[in-house]
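Student: Let me give you the structure first, and then I'll get to my questions.
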Amino acid sequence: MNKANLYQQANGVQRRDAMEILKEYAPLVSWSDRGGEDSLLDIGCGSGDVLVDLVLPLLGGEATVLSRVLATDISDQMVRYARETYKHLKTVSFETLDIGSVLDAAWLSRSGQFSHVTSFYCLHWVQSQHTAFSNIHRLLKPGGECLLVFLANNPIFDIYNQLSRSPKWSKYMYDVEKYISPYQYSENPASEIEDLLCTVGFQQYQIQVRDKLYVYEGLDNLKRAVLAVNPFSERMPPELQDKFLHDYVAVVRQMYLAKTCTDENDCNLQFISPYKLVIVYAKK
């Protein structure tokens, strides 16, 4: 998940869902009566394109309503890539942050500083959900709000589980459970998330869990998307990475997630990904 350039080329599902949800929720966002006093913290910014292309235009713009935008990611490589790509944006800065860990002194000093927190396609990678939600609550100003979008479940996690049991891949996927959504096998993720929100101190919130579908057109598009977020390939010798992708696609076919549009040509294959998406809008 450190391949910033590849991620930016292959994050179609993330961009589509972010755009849809931002358009829906933007009217709910509260702005300060005094212009230029609103600040935004984005968690899991990745390569930065979702924040810059979608979040900022729909949530007030880079230089108009928001006085400060701080974008964060756990990956140093992602942060470096985003910082270089968007260095022309004077009010946007990029820093490393593991939202699922206890905040250090520097971050604790920022408690209560942000009027808005956004996060798209990040929190399903965080195993300590309580810590993540507690940190978000701590960093928000009183009356601040957050919009959090993440996966409840997705076939990719089942595929990881299956491949990790193969002797061929187990030594590279020894910690596979760290890369599976905490809600992958939950019968009621909304109830679990509601309990978390209440426990950390949120009193106003909306939670939705939506059934979604994304279709990857052609084998190459699927492979790029898999490589962009696959946390295990960097542990493998280069000569094994194509073999891993081959086995990944074989499992996709076994799960009946692939169909042929017109013939057996790889370019005419569609790979169907049904998933559940969580949307949380909450105020401190």
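Student: Does S191 satisfy the condition of being without any contact (Cβ under 8 Å) to a residue 24 or more places away in the chain and either open to solvent by 40 Å² or more (accessible area, probe 1.4 Å) or hydroxyl-bearing (S, T, Y) (or both)? Outline the logic, then answer.
Tutor: Working: without any contact (Cβ under 8 Å) to a residue 24 or more places away in the chain: yes; either open to solvent by 40 Å² or more (accessible area, probe 1.4 Å) or hydroxyl-bearing (S, T, Y) (or both): yes.
Against the criterion (without any contact (Cβ under 8 Å) to a residue 24 or more places away in the chain and either open to solvent by 40 Å² or more (accessible area, probe 1.4 Å) or hydroxyl-bearing (S, T, Y) (or both)), S191 qualifies.
Student: Can you pull out the residues in the range 174-203 that are within 12 Å of H137 (Cα to Cα) and either at pLDDT 95 or above or among the small types (G, A, S) (or both)? Show your work before the answer.
Tutor: Of the range 174-203, the ones within 12 Å of H137 (Cα to Cα) are 196-203.
L196, L197, C198, T199, V200, G201, F202, listed by residue number.
Student: Can you say whether K171 is surrounded by fewer than 16 Cβ atoms within 10 Å (Cβ to Cβ), among the basic types (K, R), at pLDDT 95 or above and in a helix (DSSP H, G or I), as far as the supplied structure shows?
Tutor: Numbers: surrounded by fewer than 16 Cβ atoms within 10 Å (Cβ to Cβ): yes; among the basic types (K, R): yes; at pLDDT 95 or above: yes; in a helix (DSSP H, G or I): no.
The answer is no for K171.
Student: Scanning the range 47-95 for residues that are among the small types (G, A, S) and farther than 24 Å from V229 by Cβ, which turns out modelled with the lowest pLDDT? Show your work before the answer.
Tutor: Initial filter on the range 47-95 (among the small types (G, A, S)): 47-48, 60-61, 63, 67, 71, 75, 82, 93.
The next check asks that each one be farther than 24 Å from V229 by Cβ; those that pass are 60-61, 63, 67, 93.
Working: G60: 60, G61: 49, A63: 44, S67: 79, S93: 96.
Of everything passing the filter in the range 47-95, A63 is modelled with the lowest pLDDT.
Student: Among the residues of the range 128-159, write down those that are in contact (Cβ under 8 Å) with a residue 60 or more places away in the chain and among the aromatic types (F, W, Y).
Tutor: F133, F150
Student: Something else about it: Would you tally the residues in the range 206-233 being part of a helix (DSSP H, G or I) and aliphatic (A, V, I, L, M)?
Tutor: Looking only at the range 206-233, we keep the residues that are part of a helix (DSSP H, G or I), and these are 219-229, 233.
Add one more test, that the residue is aliphatic (A, V, I, L, M), and what stays is 219, 222, 225-229.
The number of residues fulfilling the criteria is 7.
Student: Looking for whichever is in a loop (DSSP other than H, G, I, E, B) and either open to solvent by 50 Å² or more (accessible area, probe 1.4 Å) or of a type outside the set (D, E, K, R) (or both) here; the options are S134, S181. Which one fits?
Tutor: On the way: S134 fails: in a loop (DSSP other than H, G, I, E, B).
Result: S181 is the single residue among S134, S181 that is in a loop (DSSP other than H, G, I, E, B) and either open to solvent by 50 Å² or more (accessible area, probe 1.4 Å) or of a type outside the set (D, E, K, R) (or both).
Student: Inside the range 71-124, can you point out the residues that are polar (S, T, N, Q), open to solvent by 10 Å² or more (accessible area, probe 1.4 Å), within 23 Å of Y281 (Cα to Cα) and not in a loop (DSSP other than H, G, I, E, B)?
Tutor: Hit for the range 71-124 is S115, nothing else.
Student: Tally up the residues in the range 244-259 that are in a helix (DSSP H, G or I) and either in contact (Cβ under 8 Å) with a residue 40 or more places away in the chain or hydroxyl-bearing (S, T, Y) (or both), please.
Tutor: Step one: of the range 244-259, the residues in a helix (DSSP H, G or I) are 244-254.
The next check asks that each one be either in contact (Cβ under 8 Å) with a residue 40 or more places away in the chain or hydroxyl-bearing (S, T, Y) (or both); those that pass are 244, 247-248, 251-252.
Of the residues in the range 244-259, 5 are in a helix (DSSP H, G or I) and either in contact (Cβ under 8 Å) with a residue 40 or more places away in the chain or hydroxyl-bearing (S, T, Y) (or both).
The values are calculated or read from the model by the stated rules, or taken from the named source; none is laboratory data. Treat the numbers as computed from the prediction; the structure is a model and nothing was measured. Positions of Cβ are generated from backbone atoms using ideal geometry, with glycine treated the same way; all protein chains shown enter the neighbour counts. The area values use the complete protein model at the heavy-atom level, side chains included, leaving out ligands, DNA and RNA. Shrake-Rupley method; radii C 1.70, N 1.55, O 1.52, S 1.80 Å.
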